[in-house]
Structures are given as structure tokens and as C-alpha cells.
Amino acid sequence: SQQGEEDPQALSIQEGENATMNCSYKTSINNLQWYRQNSGRGLVHLILIRSNEREKHSGRLRVTLDTSKKSSSLLITASRAADTASYFCATDPLYGNNRLAFGKGNQVVVIP
Amino acid sequence: EPEVTQTPSHQVTQMGQEVILRCVPISNHLYFYWYRQILGQKVEFLVSFYNNEISEKSEIFDDQFSVERPDGSNFTLKIRSTKLEDSAMYFCASSEGIDLTGELFFGEGSRLTVL
């Protein structure tokens with residue numbers, strides 16, 4: 001089964017606003033990672049949160065993880081036009097396959 | 001800053017032709033991967049490679065696909081007889097560790113168009 005399923009949404013916000021996107025998954029995980037993809041480009045790692053962590057910060061990024069609900073959220077504070085991109089969560093499953101499973105991605109457009 | 005490089009950036013081929021996509025992973029990394037992304041869809045795992053052999057492969061990675069590390073620096077994905085549905089962006093990635101406790105470093109991708 002697919003893991004790392006973001007709530008499929010396209011988010012359009014004004015520069016300076018916060019952007020929040022969610023990800024749900026189905027099985028137990030070792031960690032969950034968020035990646036960013038600018039249009040037509042490769043994926044860039046943003047942040048990794050381990051299964052025993054509940055919240056993690058990196059610059060303007062804040063990630064939460066709720067293993068009881070099998071969900072994660074990514075918050076980008078004080079968004080900038082350069083944050084316009086697709087954001088993917090990816091899960092490393094606890095059992096079974098040693099592969100990252102990506103979701104479909106959330107498209108975020110930050111309007112200057 | 002070290003990076004994963006991929007060539008070609010775009011390849012157009014006729015159905016049934018063989019295609020080789022090339023990648024140069026980051027030099028001290030141990031694990032290598034191929035993922036693909038059909039336009040507008042998920043990023044899908046194809047195969048992982050460690051210690052000169054396939055570590056794991058997905059159901060997508062059937063007999064028409066193969067990977068090779070021919071010379072200690074390049075990591076290639078070969079598609080023997082391309083189909084229309086192979087049209088996608090193919091991403092190579094590498095990671096430092098022998099498991100997934102760290103980040104994957106992705107290349108910019110090779111866009112394959114099968115006509």
C-alpha cells in the first residue's frame with residue numbers, strides 16, 4: 001500500500017502568510033521526511049523527523065508528527081515567493097521494504 | 001557542494017528503443033536509487049542499489065529495466081524496450097548511510113519521452 005499520502009491540495013497564499021500542509025500514512029514508520037520540488041526540478045530534502053519525535057524546527061519550517069494518528073504537518077512561516085513549489089512527504093517504513101514512499105505532493109503558490 | 005548529476009536532461013525516443021539514463025552519485029555515498037515521476041503523479045520507487053547489487057526493487061522494475069555501476073562512479077538505468085507508459089521524469093538519488101536514517105540527495109532528473 002502507498003505511504004506518505006498528502007492531503008491533495010493546491011495552496012495559494014499571499015507572501016508573508018503561513019502555509020500548512022498535511023500528510024497521512026498507513027503503516028508504522030522509522031522516520032518521515034519532507035522534500036520540496038520546484039517545477040521541473042529535482043527533489044530537495046527539507047527536514048526529517050523520527051518516529052520518537054513530535055515536533056522539529058528548521059529555519060522557517062516546522063514539522064509535527066503524530067504517530068497515533070499516522071499524520072504529519074509541515075508549516076512554512078512568513079512565506080516568500082521563492083517558497084512556491086510542490087512539497088512531498090516521504091515515509092521510511094518500520095517493517096518490510098527499505099525504501100522511501102512518497103505522496104503525491106502539495107502545490108504551494110506564494111503570491112508576491 | 002557535492003551533488004548528484006544526471007544525463008541526459010531530456011531524451012526523446014521511439015517506442016521499442018533502448019534507453020540508458022546516467023547518474024553520477026555523490027562520491028562517498030553508499031546507497032543509490034532510481035525513482036520516477038509520471039507527470040502530475042507520485043514519485044515512485046524503482047530500485048535501490050548497494051555494494052554493487054540490487055538491494056530492493058519495486059513491482060514497476062520488471063525485466064525491461066536494469067541497473068549497473070559500470071566504473072565505480074556512474075550509475076545507470078537501462079530500459080530495454082521502451083513503452084509509451086515509460087514516459088516520465090526519472091530521478092537518481094544517493095544516500096550516505098546504509099539505511100534510510102538520513103536524507104536522499106536527488107539529481108535534477110532525466111525527462112524521458114516515448115513516442
(request) Would you tally the residues in segment B:17-56 being surrounded by fewer than 18 Cβ atoms within 10 Å (Cβ to Cβ), within 13 Å of another protein chain (Cβ to nearest Cβ) and among the basic types (Lys, Arg)? (result) 0
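Does B:Gly102 satisfy the condition of being surrounded by fewer than 21 Cβ atoms within 10 Å (Cβ to Cβ), within 13 Å of chain A (Cβ to nearest Cβ) and without any contact (Cβ under 8 Å) to a residue 40 or more places away in the chain?
yes
Could you list all residues from segment B:85-103 that are assigned to a loop (DSSP other than H, G, I, E, B) and modelled with pLDDT of 95 or more?
Correct list: B:Ser87 only.
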(request) Determine the pairs where a residue that is within 11 Å of B:Phe32 (Cβ to Cβ), located within segment B:63-90, has a partner that is exposed (fewer than 11 other Cβ atoms within 10 Å of the Cβ) and at pLDDT 95 or above with Cβ atoms under 8 Å apart, the partner being 6 or more residues away or on another chain. (result) none
(message) If I ask for residues that are away from chain B (no Cβ under 12 Å), touching a Lys or Arg at 6+ places or on another chain (Cβ under 9 Å) and within 15 Å of A:Gly103 (Cβ to Cβ), which ones from segment A:21-48 would you list?
(response) A:Ser24, A:Tyr25, A:Lys26, A:Thr27
(request) Output the number of residues of segment A:9-31 satisfying the condition of being more than 14 Å from the chain's Cα centre (by Cα) and without any contact (Cβ under 8 Å) to a residue 60 or more places away in the chain. (result) 1
(request) With the condition kept exactly as written, say whether any residue in segment A:96-106 is surrounded by fewer than 20 Cβ atoms within 10 Å (Cβ to Cβ), away from chain B (no Cβ under 11 Å) and not basic (Lys, Arg). (result) no
(request) Hey, can you tell me all the residues within segment B:31-84 that are assigned to a strand (DSSP E or B) and of a type in the set (Gly, Ala, Ser)? (result) B:Ser48, B:Ser55, B:Ser66
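Just give me the residues in segment A:75-112 being of a type in the set (Phe, Trp, Tyr) and more than 13 Å from the chain's Cα centre (by Cα), in sequence order.
Answer for segment A:75-112, where residues must be of a type in the set (Phe, Trp, Tyr) and more than 13 Å from the chain's Cα centre (by Cα): just A:Tyr95.
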(request) Test each condition in (1) farther than 12 Å from A:Ser86 by Cα; (2) surrounded by fewer than 20 Cβ atoms within 10 Å (Cβ to Cβ); (3) not hydroxyl-bearing (Ser, Thr, Tyr) for A:Gln33 and report the one that comes out false. (result) (2)
(message) Please pick out the residue among A:Ser68, A:Ser39 that is modelled with pLDDT of 95 or more and part of a loop (DSSP other than H, G, I, E, B).
(response) A:Ser68
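The values are calculated or read from the model by the stated rules, or taken from the named source; none is laboratory data. Quick caveat, the model's predicted, so the values are computed rather than measured. So basically every Cβ, Gly included, is an ideal-geometry build from the backbone, and we count neighbours across all protein chains shown.
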